[in-house]
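J.: Have a look at this one.
Read-outs throughout are calculated quantities, based only on the coordinates presented, and are distinct from any laboratory measurement. Just so it is clear, the model here is predicted, and its values are computed rather than measured. Positions of Cβ are generated from backbone atoms using ideal geometry, with glycine treated the same way; all protein chains shown enter the neighbour counts.
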Amino acid sequence: MPAISPRLTRAFQALLTLALTLLGLLLVTFSLSAFSPVDRVLQIVGDHASQSTYDQVRHQLGLDQPLPVQFWHYLLNLFHGDLGTASSTGQPVLQDLLSAFPATLELATLALVIGTVFGVIAGVLCARFAGSPWDLAVRTFTLLGNSVPIFWLGLLMLALFYARLQWSAGPGRLDDIYQYTVTPQTGFALIDTWLSGDREAFKNAISHLILPVLLLAYYSMASITRLTRSACLGEMNKEYILLARAKGAGEMTILLRHVLPNIRGTLLTVVALAYTGMLEGAVLTETVFSWPGIGRYLTTALFAGDTTAIMGGTLVIGVCFVLINNLTDLLVRLTDPRVH
């Protein structure tokens, strides 16, 4: 019998780990509903329903069956794309999530691009001029990004740039004048307004994006800058760097041509963690800016005690977290020969 290739073994192990992780995630989301103090039946029938009505709805939901049977039915419904019906909106949870997720994805992706570009540049410059006033200023600036509450800074930005100076648009994705004139085709405000051909609506969408994107970009840039700086400094005293200096290479050339390629695995991991953090942690930002994404959807469901919607939103965010982390591990393996 021919021996199994090490690559096939690693691929099988990775797929098995991914499957077990997703199964654990499903168990967690199911437990949110099974052990929640909120009575799903009462949310549907109301407090004044008769006992027979209560029992009938409970039987229709399958809540009178053992937990393993309920979990099996939960898996079957997921396989058919059924996440249940949200009591807070009266619509299927999957439909709600499909309309809310593009808003979060648009916000987080734009913030990640800006935060990554400026974070890597600032981190490299801090490593190049370590101990200088520039380094101290940037480190202080990034320290504030990890210390100041994001909701407080968001409210401050709205009060200053929207209410006082009127440099940007306010909460929401579009002004009311464009909200009902632009047909949503993709769920992304920038793409939909561009496809509509209304340039004023497109400019309005950009104006609404500026403040929340810059806020999230600032917080992602803070961690990316610090970790880029520390990763660069960790490489600066290694033998290949000393050899490059002995050959007469400049410090900036060493950083750009030798150090950055060798820390790309670290950078990919840091960027992926920042991205997943924004996808799952944009709740306060979306609440402050009335951004109709998953974060605000989950907040509304939480206050309404809508466990079905909470389960669906948690599952989507968890799946994104798992898939992005596994994709990052794959990219690190493909781009960094040392990982092999």
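J.: Provide the convex hull volume over Cα atoms per residue for the range 71-151, in Å³.
T.: Expressed per residue, the convex hull around the Cα atoms of the range 71-151 is 171 Å³.
J.: Specify the longest stretch of the chain that does not include any exposed loop site, a site being one of the chymotrypsin sites (Phe, Trp or Tyr not before Pro) with a non-H, G, I, E, B DSSP assignment and at most 10 other Cβ atoms within 10 Å.
T.: Between the exposed loop sites, the longest stretch runs 181-340.
J.: Oh, and also: What's the percent breakdown of Cα-Cα distances in the range 124-263 across 10 Å bins, shortest bin first?
T.: The percentages, shortest bin first, are 11, 27, 22, 20, 15, 5, 0.
J.: If you take the charge dipole of the chain about its Cα centre, with +1 on Lys and Arg Cβ and -1 on Asp and Glu Cβ, which of W194, L61, M252 is farthest toward its positive end?
T.: M252
J.: Shape of the range 21-102 from its Cα gyration tensor (a ≥ b ≥ c, root eigenvalues): rounded if a/c is under 1.5, otherwise prolate when a/b > b/c, or oblate?
T.: Verdict is oblate for the range 21-102.
J.: Also, I was wondering about something else. If R₀ is 25 angstrom, what is the calculated FRET efficiency for the pair Q166 and D198, using the beta carbon separation as r and rounding to 0.05?
T.: My answer for the efficiency is 0.70.
J.: Label-point separation (nm) for N237 and L334, each offset 7 Å from Cα along Cα-to-Cβ?
T.: Those two pseudo-labels are separated by 3.6 nm.
J.: Taking Rh as the Kirkwood radius computed over C-alpha pairs, what is the Stokes-Einstein D of the range 92-193 at 20 °C in a medium of viscosity 1.002 mPa s, expressed in µm² per second? Display every interim value, and only then the final one.
T.: Working: Rh = 16.9 Å.
So the translational diffusion coefficient is about 127 µm²/s.
J.: Kindly state, as a whole number, the per residue volume in cubic angstrom of the convex hull around the alpha carbon atoms of the chain. Could you put the intermediate results ahead of the total?
T.: Working: hull volume 70.8 nm³, N = 340.
Considering the Cα atoms of the chain, their hull volume per residue is 208 Å³.
J.: Excluding F202 itself, calculate the net charge of residues whose Cβ lies under 13 Å from the Cβ of F202, where each Lys or Arg counts +1 and each Asp or Glu counts -1.
T.: Counting the neighbours of F202, the net charge comes to -1.
J.: Starting at 0 and stepping by 5 Å, how many percent of the alpha carbon pairs of the range 205-334 end up in each bin?
T.: Histogram of Cα-Cα distances, whole percents per bin: 2, 9, 15, 14, 15, 13, 11, 8, 6, 4, 3, 1, 1, 0.
J.: Could you give me the ³J(HN,Hα) list for the range 288-296, computed from phi with Karplus coefficients 6.51, -1.76, 1.60 and θ = phi - 60°, whole Hz, x at Gly and Pro?
T.: Values, residue by residue: 5, 9, 6, 8, x, x, 5, x, 5 Hz.
J.: Additional query: Which residues' amide hydrogens lie under 5 Å from the amide hydrogen of T85, considering only partners 5 or more residues apart or on another chain, with H built in the peptide plane?
T.: Here the answer is V93, since their amide H atoms fall under 5 Å of that of T85.
J.: Let me ask something else. Using θ = phi - 60° and the Karplus form 6.51 cos²θ - 1.76 cosθ + 1.60, what ³J(HN,Hα) does each residue of the range 188-200 get, whole Hz, x for Gly and Pro?
T.: 9, 4, 5, 5, 5, 5, 5, 5, 5, x, 8, 5, 5
J.: Now, a different point. Could you give each residue of the range 134-141 its phi-based ³J(HN,Hα) in whole Hz, using Karplus coefficients 6.51, -1.76, 1.60 with θ = phi - 60°, and x for Gly or Pro?
T.: Ordered by residue, 3J(HN,Hα) equals 4, 4, 5, 5, 5, 5, 5, 4 Hz.
J.: To the nearest Å, what is the center-to-center distance of the range 109-136 and the range 195-229, using C-alpha atoms only?
T.: Measuring centre to centre over Cα atoms gives 17 Å.
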